[in-house]
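Following: one structure in structure tokens, then a few remarks.
The values are calculated or read from the model by the stated rules, or taken from the named source; none is laboratory data. All figures in this text were calculated on a predicted structure; none of them were measured in a lab. Cβ placement follows ideal geometry from the backbone for every residue including glycine, while neighbour counts extend to all protein chains displayed. Ligands, DNA and RNA are excluded from the accessible area calculation, which covers all protein heavy atoms including side chains. Shrake-Rupley method; radii C 1.70, N 1.55, O 1.52, S 1.80 Å.
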Amino acid sequence: MRMPRRGLVIQARTRWLLVGLALLFSLVLLMYLLECAPQTDGNGSLPGVVGESMGKEYYQALLQEQEEHYQNRATSLKRQIAQLKQELQEMSDKLKSLQEKKSPKVNGMNYQGTKEQTSNDLLEFLHSQIDKAEVSVGAKLPSEYGVIPFESFTSMKVFQLEMGLTRHPEEKPVRKDKRDELMEVIEAGLEVINNPDEEDGQDEDDGVGDRQLYSENDFVEGYYRTERDKGTQYELFYKKMDGMEYRHVTLFRPFGPLMKVKSETVDISRSIINVIVPLAGRTEAFAQFMQNFRDVCIHQDKRVHLTVVYFGQDGLSEVKSILESVARETDFQNYTLVSLNEEFNRGRGLDVGARAWEKGEVLMFFCDVDVYFTAEFLNSCRLNAEPGKKVFYPVVFSLYNPAIVYANQDIPPPVEQQLVHKKDSGFWRDFGFGMTCQYRTDFLTVGGFDLEVKGWGGEDVHLYRKYLHGELMVIRTPVPGLFHLWHEKHCADELTPEQYRMCIQSKAMNEASHSHLGMLVFRDEIEAHLRKQAYRTNSEAAG
């Protein structure tokens, strides 16, 4: 810590600092007036609305969204103005104390020295909280339940695991303290990016005019989690609309002010993802999967390799035909088909697919044929996996049986219109660990899957536990761009009683929400009530 200088130099610098703060205060006031002025741009869109009619309710919701945005921005600017006023007052107090000839003594000790020592002790404690938390390195954990999962958020919505009976898997932050917290974090990340210091890797010669400044509109997504005895960790990602470089900022609030952990530029423009899909039969589901793959990976992302590991001979020719058709129509050649003439084993298929890659290091996405993903998810995959440091275990949103969810319609809507985060449409599959993004070297280093696991499930949990028992950090968070499509589940008679019970429980959870299952259970009672109501109505009309 630098010792304060004395004399005329300090007084002159302090006066200039007060003048600068006054000018900055005036500038913030001007920004506040400009931000709060009504805008006439009518091209805004309502996030999260897919396939809704452009009626009165839509525009009312749009106006509400815009009003909330401006209110949040106005609140943020008011807070900044209040902070500037406080800083001006503090600087005035410091100027008065510097003009005194001597500092007062407390028990023979200089009071200024005591104050500086207290500040040093506080900073040392706050930094020790960061060192104790799982921010920079992973921690060895006893089981899969020891991980503290992140919750993800955008500038408008939060995607959360813990719902209870009142919260939703996707919702706007209702509580004001949560809204203010997330707005403060986004702004703090912008402050770190737009005003970097020496340790952020920016050249000192780069002036403000040479740097690309970021705004709230450049915020893409963030994750946060709280370790109750240490603090809250925030992982923030920003990106310009026309660029491929992401700015990644890590912040930590050790039950006190936010403290920057790091700020770095993440270039994902050359990051190839090897999507590995084990498969046996289910050619119709594979055709649907390839339609999603064509739209997202071939037309949008263009940095993906597909590896399909097929078990058995029945249906193999159809899978080949589907792949060749897509390759011919899109000029896509970045795929590998591996054929295994043996009984289906998911862990075995993924292991073979990982080892079939012969071009060195690569980021792998272990996927299933029933999974639907977006281009945004692929970028989240790239941002949250790092060789030798991090593996990404996203939580999938699992859709319920559309025949039950949309029972009041003649036919269920197309799959694209079913991809919504609502209580009655699906749930966060926080007990599943099959979808994961990790680098090939990390996968091979931990020994891959336990190929001795037979029957229903289990191989993904064994791999997950290997990472928990090691040094790598496990990033666990729900992501909005990853869905598990419903399909009929069959529980084989060959399963052990324990496996069969787990299979039935999983089948029940995948079928419908609590309320919809309740409607099915009490269907006879509901129909009897409706008949009585109809009879009573008819009797009154006849009388």
Top-ranked residue in the range 269-301 [being within 22 Å of Leu383 (Cα to Cα) and at pLDDT below 95; ranked as least open to solvent (accessible area, probe 1.4 Å)]: Ser269
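Only one of Glu162, Glu124, Glu170 is surrounded by fewer than 17 Cβ atoms within 10 Å (Cβ to Cβ) and either in contact with a Lys or Arg (Cβ under 7 Å, 6 or more places away or on another chain) or not assigned by the TED database to the domain that holds Lys239 (or both). Can you tell me which? Reasoning before the result, please.
Numbers: Glu162 fails: either in contact with a Lys or Arg (Cβ under 7 Å, 6 or more places away or on another chain) or not assigned by the TED database to the domain that holds Lys239 (or both); Glu170 fails: surrounded by fewer than 17 Cβ atoms within 10 Å (Cβ to Cβ).
Of Glu162, Glu124, Glu170, the one residue that is surrounded by fewer than 17 Cβ atoms within 10 Å (Cβ to Cβ) and either in contact with a Lys or Arg (Cβ under 7 Å, 6 or more places away or on another chain) or not assigned by the TED database to the domain that holds Lys239 (or both) is Glu124.
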Filtered residue count, the range 236-259, keeping only those that are at pLDDT 90 or above and either within 23 Å of Asp301 (Cα to Cα) or open to solvent by 20 Å² or more (accessible area, probe 1.4 Å) (or both): 9
Subset of the range 273-318 that is without any contact (Cβ under 8 Å) to a residue 24 or more places away in the chain and over 29 Å from the mean Cα position of the chain (by Cα) - its residue that is nearest to Glu343 (Cα to Cα): Leu316
In the range 371-385, the residues that are open to solvent by 20 Å² or more (accessible area, probe 1.4 Å) and in contact with a Leu (Cβ under 9 Å, 6 or more places away or on another chain): Tyr372, Thr374
Close pairs (9 angstrom Cβ cut-off, 6 or more residues apart or separate chains): touching a residue at least 24 places away in the same chain (Cβ under 8 Å) in the range 513-538, in a helix (DSSP H, G or I) anywhere: Ser513/Ile404; Ser513/Val405; His516/Ile404; His516/Val405; Leu520/Ile404; Leu520/Glu511
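Results for (1) part of a helix (DSSP H, G or I); (2) within 35 Å of the chain's Cα centre (by Cα); (3) modelled with pLDDT under 75, shown as yes or no for each residue.
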| position | (1), (2), (3) |
| --- | --- |
| Val50 | no, yes, yes |
| Asn72 | yes, yes, yes |
| Gln83 | yes, yes, yes |
| Lys94 | yes, no, yes |
| Lys102 | no, no, yes |
| Thr114 | yes, no, yes |
| Gly138 | no, yes, no |
Selection within the range 472-497 - aliphatic (A, V, I, L, M) and not in a loop (DSSP other than H, G, I, E, B): Met473, Val474, Ile475, Val479, Leu482
Test: residue in the range 363-383 that is closer than 26 Å to Glu471 by Cβ and touching a Lys or Arg at 6+ places or on another chain (Cβ under 8 Å): yes
Among (1) open to solvent by less than 70 Å² (accessible area, probe 1.4 Å); (2) at pLDDT 70 or above - the single one Gln89 does not satisfy: (1)
Selection from the range 443-471 of residues that are closer than 16 Å to Pro394 by Cβ and open to solvent by 10 Å² or more (accessible area, probe 1.4 Å): Asp460, Val461
Residue list for the range 423-453, restricted to those being farther than 14 Å from Pro478 by Cα and either in contact with a strand residue (DSSP E or B) (Cβ under 8 Å, 6 or more places away or on another chain) or free of Cβ contacts under 8 Å to residues at least 12 places away in the same chain (or both): Ser425, Gln438, Tyr439, Arg440, Asp442, Phe443, Thr445, Glu452
The range 268-291: number of residues that are of a type in the set (D, E, K, R) and not in a loop (DSSP other than H, G, I, E, B): 1
Count - residues of the range 232-267 that are farther than 23 Å from Glu376 by Cβ and outside any strand (DSSP E or B): 5
Top-ranked residue in the range 398-441 [being closer than 30 Å to Glu264 by Cα and among the aromatic types (Phe, Trp, Tyr); ranked as least open to solvent (accessible area, probe 1.4 Å)]: Phe433
Filtered residue count, the range 319-369, keeping only those that are part of a loop (DSSP other than H, G, I, E, B), at pLDDT 95 or above and within 19 Å of Phe433 (Cα to Cα): 3
Any chance Phe392 is modelled with pLDDT of 95 or more, within 27 Å of His299 (Cα to Cα) and in a helix (DSSP H, G or I): no
Matching residues in the range 481-540 - criterion: being of a type in the set (Asp, Glu), in the same structural domain as Phe431 (by the TED database) and open to solvent by less than 90 Å² (accessible area, probe 1.4 Å): Glu511
